[in-house]
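Quick notes on the structure that follows.
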Amino acid sequence: MAAPVTPPRGMRDFLPNEKAIREHALGTIRRIFAAHGFDEIETPVMEDSARLHSGLGGDNEKLGFAVLRRGLSPADVAAAAESGDILSLADLGLRFDLTVPLARFYASHRAELPAVFRSIQIAPVWRAERPQKGRYRQFVQCDIDIIGEAGPLAEIELISATTAALDALGLDGCSVRINDRRILASLLAHWKVAPELAERALITIDKLDKIGVSGVVTELDGLGVDIDGIADTLEVMPGLGWDAAAPAWLDHSAYADLKALRDALPASKLVFDPTLVRGMGYYTGTIFEIAHPELGYSLGGGGRYDGMIGRFLGTEVPACGFSIGFERIVDLLGATGTVDTDAVVLVHEKDADPARLVALKAELVASGLRVRLERRTKNLKALLDRAAAAGYGRYAFVTPETGPPGSLQFRPLGESAHHH
RNA sequence: GUGGGUAUAGCUCAGCUGGUAGAGCGUCCGGUUGUGGUCCGGAAGGUCGCGGGUUCAAGCCCCGUUACUCACCCCA
């Protein structure tokens, strides 16, 4: 206990049963995304430090793990400390999302990609936050993105594929909250919020369902926003559904676009929520988020980020993406507990001949079985219970008298097999 | 970054008003069973997170610290 044997804070080991659940879920998501016409790619876990920080707001920079330049001298460190630019000591950083790397990837490989590129990325990202329930410092995101499609078809395909994946995983009760940055912009214009306060004002609006109208007004007041008339607007916002009469301040063009999305996606549960904001600063149009009634945090999210590719490429390319928060999904999935009757355990005496055991095993493996050798222990029950928990469905004893595989007497494993 | 809770055997946890460190499970050994998932007995395994302090005496009280965890902030 003296030596630290735990993984780094917020990062986790996965035991065999946990790993099996994760791989099963990953396989499901991958299969659905591929069925919807997306192609999987992979990018490095690190990106150029300056590039990572070019695509988002100032607060998010603190969340990035930076990687020190190799071969730094004490003089380099002292110089950086003196200039106050500590980040200059780092030239690389671990990615904190998959969108910035994708934009870099697309800019690098555009010539080799179709005009409209549909990508899948399933990979870990890192954020230096304080861990808690549903939040880790290393976590897997499952992203699909469509680059090169400016119209609503991109949003429709993304939401359709994502909700199909959630359905395939057996997750009930999920809904997709949806809004548009243009609607938020029209709201800020209506309130005459100064541009330099816009980002923080939006984050405050996002909290409406948690801190209420008076809480939002108080916080906006603290930011220096003129709060005259704001409470009246806030009162009606949560009630704005699909069919309510839109207030004058609301961007009617964007609202009509969202309604068209809703009409095109009858199978997905879309909920219009004008208070939905989302943190990443690069979104320009539609934004969406997966909500679950039992959870205070989202299971995923995404939106349109038409400006980002242009920052890497020079020419503007429209883009839209949707990300599933894999860890939060897995936390919702129970143990699968599948027992495989084609998986068998051979229990042998401790002095059994290894050559004979492995030959017997090889014959069974060749016949299509999954085979595990276990040395007989005093506590046979514990051994067999562990095997059953690992998914093995049958077992047999190997004794000196055991002949060919056909002479093995297999018995069922598992809770229902205790009385024989 | 802010606040709460927790820290004792490999695991889950007891430990009274401060007085020699405990149980269950697991592991190992002996017997029982003899085609076996039963039962009986025994053993190994602990700097009580770490460092100070109070006391004749600290797992227990006080201070600090670290880790884990929950919540806030923010986010997937």
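The values are calculated or read from the model by the stated rules, or taken from the named source; none is laboratory data. Fair warning: this is a prediction, and the values are worked out from it, not measured in the lab. Cβ coordinates were reconstructed from backbone atoms using ideal geometry, including for glycine residues, and neighbour counts include every protein chain displayed. These accessible areas exclude ligands, DNA and RNA; they are computed on the full protein's heavy atoms, side chains included. Shrake-Rupley method; radii C 1.70, N 1.55, O 1.52, S 1.80 Å.
Brief remarks follow.
- For A:Gly222, the conditions (1) open to solvent by 50 Å² or more (accessible area, probe 1.4 Å); (2) outside any loop (DSSP other than H, G, I, E, B); (3) closer than 28 Å to A:Gly241 by Cα are fulfilled apart from (3).
- Where helices (runs of 4 or more DSSP H) sit wholly within segment A:1-119, those with at least 3 residues that are open to solvent by 40 Å² or more (accessible area, probe 1.4 Å) and in the same structural domain as A:Ser323 (by TED's automatic domain parsing) occupy A:16-35, A:99-109.
- Among (1) within 14 Å of RNA strand B (Cβ to nearest atom); (2) at pLDDT 95 or above; (3) not β-branched (Val, Ile, Thr), the one test that A:Pro44 misses: (1)
- Segment A:199-219 - residue that is without any contact (Cβ under 8 Å) to a residue 24 or more places away in the chain and surrounded by 17 or more Cβ atoms within 10 Å (Cβ to Cβ) and, of those, farthest from RNA strand B (Cβ to nearest atom): A:Val217
- Pairs, first at negative phi and in the same structural domain as A:Ala362 (by TED's automatic domain parsing) in segment A:389-409, second among the β-branched types (Val, Ile, Thr) and within 9 Å of RNA strand B (Cβ to nearest atom), C-beta under 8 Å, six or more apart: A:Tyr395/A:Val347; A:Ala396/A:Val347; A:Phe397/A:Val347; A:Val398/A:Val347; A:Leu408/A:Val398; A:Leu408/A:Thr402
Okay, residues lined up against (1) at pLDDT 95 or above; (2) more than 16 Å from RNA strand B (Cβ to nearest atom); (3) hydroxyl-bearing (Ser, Thr, Tyr); (4) in contact with a strand residue (DSSP E or B) (Cβ under 7 Å, 6 or more places away or on another chain):
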| site | (1), (2), (3), (4) |
| --- | --- |
| A:Leu26 | yes, no, no, yes |
| A:Ala50 | no, yes, no, no |
| A:His53 | no, no, no, no |
| A:Gly57 | no, no, no, no |
| A:Phe65 | no, no, no, yes |
| A:Ala78 | no, yes, no, no |
| A:Ala81 | no, yes, no, no |
| A:Leu89 | no, yes, no, yes |
| A:Leu113 | yes, yes, no, no |
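- Some residue of segment A:168-178 being within 16 Å of RNA strand B (Cβ to nearest atom), at pLDDT 90 or above and under 14 Å from A:Thr275 (Cβ atoms): yes
- Out of A:Ala260, A:Ala245, A:Ala256, A:Ala267, one residue alone is free of Cβ contacts under 8 Å to residues at least 24 places away in the same chain and farther than 27 Å from A:Glu199 by Cβ. It is A:Ala245.
- When the criteria are applied in full, A:Leu373 meets the requirement of being part of a strand (DSSP E or B) and closer than 21 Å to A:Asn17 by Cα.
- Subset of segment A:158-198 [on the phi > 0 side of the Ramachandran plot and buried (at least 18 other Cβ atoms within 10 Å of the Cβ)]: none
- Members of segment A:377-399 found to be within 8 Å of RNA strand B (Cβ to nearest atom) and either part of a loop (DSSP other than H, G, I, E, B) or open to solvent by less than 90 Å² (accessible area, probe 1.4 Å) (or both), listed by number: A:Thr377, A:Lys378, A:Asn379, A:Leu380, A:Ala382, A:Leu383, A:Leu384, A:Asp385, A:Ala388, A:Tyr395, A:Phe397, A:Thr399
- Segment A:317-372: number of residues that are of a type in the set (Gly, Ala, Ser) and free of Cβ contacts under 8 Å to residues at least 40 places away in the same chain: 8
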